[in-house]
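S.K.: Let me give you the structure first, and then I'll get to my questions.
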Amino acid sequence: MKKSLSQYCEDNILYLPQALYSKSDVKPLLYDKESVIFYKDLKTELNNIEIHTCKACLVYIKSGHEVITTCYNEKIELFPDDIIFFPKGVNFHSDYTSKKGSPNAYVIFFGDDVITEFLSKKTKIEKSSPNEKNIHKILPNKVVKTFFSTLHDTYKEYKNSKEILNLKLLELLYLLDLNSKNNQLCISLSSIETGKAKRNIKRLMEKYAISDLNINDFATLSGRSTTSFNREFKKIYNTSPKQWLIEKRLSHAYELLVNKQWSVTDTANEIGYENISHFIESFRKKYKKTPHQIKHQSD
C-alpha cells in the first residue's frame with residue numbers, strides 16, 4: 001500500500017523529550033512540564049537515529065562516543081565530558097557507540113519558561129532562526145563537570161522537586177553562559193521556529209531512494225524548497241536528484257530481475273514506475289537490453 005507523504009515524514013523520527021519517557025534505559029531524574037533532566041544509560045549502541053528537538057536541549061557525555069550529523073551533513077564528534085547544545089526545532093542524526101565506554105549521558109531539556117526567565121536577565125539579544133550553526137559544542141570547566149557529577153545525589157535527596165529543577169537549570173545556564181564564546185548560548189536559546197525543520201538530504205535519499213517519492217516529495221520531506229533542495233543535492237552528489245534517483249532505482253531493478261527473478265511489472269512498481277513502458281525504456285537506455293532480456297540472459 002502506497003504511503004502518504006506525511007507517513008514518510010513521521011517514519012522513525014524521535015520527537016524529544018516526549019519519546020524518551022518510554023525508553024527503558026533512559027531515566028527522568030527531575031521533571032516538570034516542559035523541563036526535564038534525563039540520565040541515559042544505554043545497553044546497546046544506537047545508529048542512524050533521526051531526532052527532532054521540541055525543546056532546547058543540552059547533552060553531556062559521561063561515557064561513550066557519539067557522532068551528531070546535522071541537516072547539512074556536518075559531523076560533530078562527542079567524547080566523555082563533551083557538551084553539545086541543540087536549539088528548539090532542529091533535526092539531526094545521532095550515532096552512539098561504546099568506543100569510549102558504555103554509552104551514558106545526561107540529556108537536559110529547557111522549557112520555554114526557564115529560557116524566558118534566564119534571557120530576561122541578559123542584555124537584549126537578537127533572535128535567530130534555528131539552524132545547524134546553532135548546534136554547537138560547549139567546553140566544560142571544572143565547575144560544570146561538578147554540576148553534572150552531583151545530579152544523581154540531587155535526585156536522590158530531593159526526588160522530583162520542581163523548585164530544585166528550576167534552580168538547577170538556571171544554575172547550569174549561567175555557568176555555561178560564562179564559558180560561552182561570542183554569546184553563542186544566548187543566541188541559540190533565543191532562536192525561534194520558522195517553518196518546517198530541515199532534514200539531512202543524504203540520509204533521507206539513502207533511506208527512501210527505492211520508493212515512489214518524486215523530487216518535489218523529497219524537497220518537501222527535507223524541509224526545503226525544490227530550488228534549494230536541488231542546489232544542495234548537487235553539492236553533495238555532484239549530479240541532479242533526478243539523475244541520481246534514476247541510477248539508484250535502475251540498479252536496484254537490475255538486482256531484483258537477475259538475483260531474485262522478479263517479474264518486470266513487480267520490479268517497475270517496486271522502484272516507483274507506474275508506467276511499465278517508461279520503465280522498460282529507461283532500463284534499456286542504461287543497460288542496452290530490456291528488463292526481460294536481462295532477466296533471462298543466463299537461461
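S.K.: Output the number of residues of segment 62-89 satisfying the condition of being under 17 Å from Asn104 (Cβ atoms), free of Cβ contacts under 8 Å to residues at least 60 places away in the same chain and surrounded by fewer than 21 Cβ atoms within 10 Å (Cβ to Cβ).
M.R.: Summing the residues that are under 17 Å from Asn104 (Cβ atoms), free of Cβ contacts under 8 Å to residues at least 60 places away in the same chain and surrounded by fewer than 21 Cβ atoms within 10 Å (Cβ to Cβ) in segment 62-89 gives 8.
S.K.: Write out, first by first residue and then by second, each pair whose Cβ atoms fall under 6 Å of each other, whose residues are 6+ apart or on separate chains, and whose first residue, in segment 16-42, is in contact (Cβ under 8 Å) with a residue 40 or more places away in the chain and assigned by TED's automatic domain parsing to the domain that holds Phe109 while the second is surrounded by 16 or more Cβ atoms within 10 Å (Cβ to Cβ) and in a loop (DSSP other than H, G, I, E, B).
M.R.: Matching pairs, first to second residue: Lys33/Gly111; Glu34/Lys55; Glu34/Gly111; Ser35/Gly111; Val36/Pro17; Leu42/Pro103.
S.K.: Turning to a different aspect of this structure: Could you tell me which of the residues Arg199, Arg203, Arg231, Arg224 is within 30 Å of Pro140 (Cα to Cα) and either at pLDDT below 95 or outside the structural domain of Cys54 (by TED's automatic domain parsing) (or both)?
M.R.: Values: Arg203 fails: within 30 Å of Pro140 (Cα to Cα); Arg231 fails: within 30 Å of Pro140 (Cα to Cα); Arg224 fails: within 30 Å of Pro140 (Cα to Cα).
When all the criteria are applied, what remains is Arg199.
S.K.: Then there is this: Please count how many residues of segment 245-271 are under 19 Å from Arg203 (Cα atoms) and buried (at least 18 other Cβ atoms within 10 Å of the Cβ).
M.R.: Kept after step one, since they are under 19 Å from Arg203 (Cα atoms), are these residues of segment 245-271: 245-249, 251-252, 271.
Keeping just the survivors that are buried (at least 18 other Cβ atoms within 10 Å of the Cβ) gives 245, 249, 271.
Looking only at that region, the number is 3.
S.K.: How many residues does segment 40-56 hold that are within 22 Å of Leu185 (Cα to Cα) and assigned to a strand (DSSP E or B)? Reasoning before the result, please.
M.R.: Kept after step one, since they are within 22 Å of Leu185 (Cα to Cα), are these residues of segment 40-56: 51-56.
Next, from what is left, pick out any that are assigned to a strand (DSSP E or B): 51-53, 56.
Number satisfying all stated conditions: 4.
S.K.: Here's a follow-up. Outside any helix (DSSP H, G or I), buried (at least 18 other Cβ atoms within 10 Å of the Cβ), modelled with pLDDT of 90 or more and within 17 Å of the chain's Cα centre (by Cα), is that true of Val59?
M.R.: So Val59 fits the description; yes.
S.K.: Would you kindly identify the helices (runs of 4 or more DSSP H) lying entirely within segment 192-299 that contain at least 3 residues that are closer than 30 Å to Phe92 by Cα? So that I can check it myself, show each step before the final result.
M.R.: Numbers: elements: 201-208, 215-222, 226-237, 241-259, 264-270, 276-287, 291-295.
Here the list reads 201-208, 215-222, 226-237, 241-259.
S.K.: It is to be established whether one or more residues within segment 263-280 are of a type in the set (Ser, Thr, Tyr), at pLDDT below 95 and under 30 Å from Leu119 (Cα atoms).
M.R.: Checked segment 263-280: no residue is of a type in the set (Ser, Thr, Tyr), at pLDDT below 95 and under 30 Å from Leu119 (Cα atoms).
S.K.: Additional query: Six or more apart or on different chains, Cβ under 7 Å: which pairs go from a residue in segment 263-284 that's closer than 12 Å to Leu250 by Cα to one that's part of a loop (DSSP other than H, G, I, E, B) and at pLDDT 95 or above? Could you list them?
M.R.: That search, which allows pairs on different chains as well, returns nothing.
S.K.: Further, regarding this structure: Among the listed residues Phe92, Phe109, which satisfies the condition of being in contact with a helix residue (DSSP H, G or I) (Cβ under 8 Å, 6 or more places away or on another chain), surrounded by 15 or more Cβ atoms within 10 Å (Cβ to Cβ) and not charged (D, E, K, R)? Spell out how you get there, then give the answer.
M.R.: Numbers: Phe109 fails: in contact with a helix residue (DSSP H, G or I) (Cβ under 8 Å, 6 or more places away or on another chain).
Matching residue, one of Phe92, Phe109: Phe92.
S.K.: It is to be established whether one or more residues within segment 54-71 are touching a Pro at 6+ places or on another chain (Cβ under 6 Å) and of a type in the set (Val, Ile, Thr).
M.R.: yes
S.K.: Is there any pair with a first residue in segment 217-232 that is acidic (Asp, Glu) and a second that is exposed (fewer than 15 other Cβ atoms within 10 Å of the Cβ) whose Cβ atoms are under 9 Å apart and which are 6 or more apart or on different chains, and what are they?
M.R.: These pairs meet every condition: Asp217/Leu5.
The values are calculated or read from the model by the stated rules, or taken from the named source; none is laboratory data. Because the structure is a prediction, the values reported are computed rather than measured. Cβ atoms come from the backbone with ideal geometry, glycine included; neighbour counts cover every protein chain shown.
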